[in-house]
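Engineer: I'd like to ask you about the structure that follows.
Just so it is clear, none of the values below were taken in a lab; they were calculated from the coordinates. These figures come from a predicted structure and were not determined experimentally. Virtual Cβ from ideal backbone geometry, glycine too; neighbours counted across all protein chains shown.
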Amino acid sequence: MIELRNLSVHYGRAIAVNDVSLSFPSSTVNCIIGSNGAGKSTILRTISGLVRPSSGQIVFEGEPIQNLTPKQIVERGIAHVPEGRHVFPELTVEENLKIGAYLRADAAAVRRDFDAICGAFPRLAERRKQFANTLSGGEQQMLAIGRAIMAAPRLVLMDEPSMGLSPVMVATMGDIIRSINAEGRSVLLVEQNANVALSLSEDAAVLEQGRISLTGKAALMKDDEHVRVAYIGV
């Protein structure tokens, strides 16, 4: 379980996240939706230790993690797929994937996971010796996800995984997220594409101007009038 308790985050005097309390169960896909600038990415960056909270707690599997370093948080079992992919452009696909396992000492298990990712992402296997900057946007997103899985996480944070992708590739990303969850991993999505996120998720929250305005089951939230008008566009 990942739990946020009265979490607030400031950038200087600006409040990015304002007294947010949320909890999501283990082994499920869940999402936070909201418009650009609502604070969604800041929440993920704070969970992964890239941003320090001003106040509040982040609890993962019963242990507070808000004071840990990013390295320690990866060691605890959380991996982050950032917005914009952020692959290493001048490294090969294979090198990018292996960087994801840099904290692991179990060489045999790392090799098994590498082979499994190549099996799950045949495009990456075909391009394993290519530089990452030669890949398409969808292939780079696959690479960023594969790199995160190489850390052997129990929780995967995904920031706008559908951004900039074609409708066909968005559907492929949905299948990938479902397969990650089917392996027993939890996934927390933040998305502007509410229709995609809600279709994939068990539970959902709406973030508006740094505050939670609505929480509930994702399937029911798709029928909420405010969500439909503001975020789904129907």
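Engineer: Write down the radius of gyration of the chain and its Dmax, each obtained from C-alpha positions, in Å.
Structural biologist: Expressed in Å, the Cα Rg and Dmax of the chain come to 17.2, 51.
Engineer: Is any helix in the chain, taking whole DSSP H runs, at least 27 angstrom long along its axis by alpha carbon and on average at least -1.0 on the Kyte-Doolittle scale, and which ones?
Structural biologist: None clear 27 Å together with a mean of -1.0.
Engineer: Taking 2.2 N^0.38 Å as the expected size of a compact globular protein, what ratio does the Cα radius of gyration of the stretch 108-160 give against it, to two decimals?
Structural biologist: In units of the globular-protein estimate, the stretch 108-160 measures up at 1.13.
Engineer: Quick check for me: using +1 on Lys/Arg Cβ and -1 on Asp/Glu Cβ, what's the dipole size of the stretch 44-163 about its Cα centre, in debye to the nearest 20?
Structural biologist: 160
Engineer: Okay, next question. If we count other beta carbons within 10 Å of each Cβ, what is the order of R85, R154, fewest first?
Structural biologist: With the fewest neighbours first, R85, R154 line up as R154, R85.
Engineer: Next up: Any aspartates and glutamates with Cα under 15 Å of the K129 Cα? List them, leaving off those in the same chain fewer than 8 positions away.
Structural biologist: E90, E94, E95, D115, E139
Engineer: Related question: Please state the Cα pair-distance histogram of the stretch 94-233 with 10 angstrom bins from zero: what percent is in each bin?
Structural biologist: It works out to 11, 38, 31, 16, 5, 0, in whole percents.
Engineer: While we're looking at this one, here's another question. Take R112, R5, R45 and order them by how many other Cβ atoms sit within 10 Å, fewest up front.
Structural biologist: So the residues, fewest neighbours to most, are R112, R5, R45.
Engineer: Tell me the net charge near E95. Cut-off is 14 Å between Cβ atoms, E95 excluded, with +1 for each Lys or Arg and -1 for each Asp or Glu.
Structural biologist: +3
Engineer: Leaving out same-chain residues fewer than 8 places away, which aspartates and glutamates sit with a Cα under 14 Å from that of K40?
Structural biologist: Cross-link targets: D19, E83, D159, E160, E191, E208.
Engineer: Going toward the positive end of the dipole of the chain, with +1 on Lys and Arg Cβ and -1 on Asp and Glu Cβ, which of S186, P53, G100 do you reach last?
Structural biologist: Result: G100.
Engineer: Shifting gears a bit: When the dipole is taken about the Cα centre of the stretch 82-234, and only Lys, Arg (+1) and Asp, Glu (-1) are charged at their Cβ, what size is it in debye, to the nearest 20?
Structural biologist: Dipole about the Cα centre, nearest 20: 420 debye.
Engineer: Next question, about the same structure. Round to a whole angstrom and tell me the spacing of the C-alpha centers of the stretch 1-48 and the stretch 131-192.
Structural biologist: Here the two parts' Cα centres lie 19 Å apart.
Engineer: Based on the mean of other beta carbon atoms within 10 Å per residue, what is the order of 146-152, 219-225, 23-29, most packed first?
Structural biologist: Output ranking for 146-152, 219-225, 23-29: 146-152, 23-29, 219-225.
Engineer: If the reach is capped at under 12 angstrom between alpha carbons, list the aspartates and glutamates near K217, excluding any in the same chain fewer than eight residues apart.
Structural biologist: Reachable aspartates and glutamates: E202, D203.
Engineer: What's the exposure ranking of C31, C118, going from fewest to most Cβ atoms within 10 Å?
Structural biologist: C118, C31
Engineer: Right, here's the next one. Based on Cα coordinates alone, diagonalise the gyration tensor for the stretch 63-107, multiply each eigenvalue by 5, take square roots, and list the semi-axes in whole Å, largest first.
Structural biologist: Each semi-axis is √(5λ); the values are 23, 15, 7 Å.
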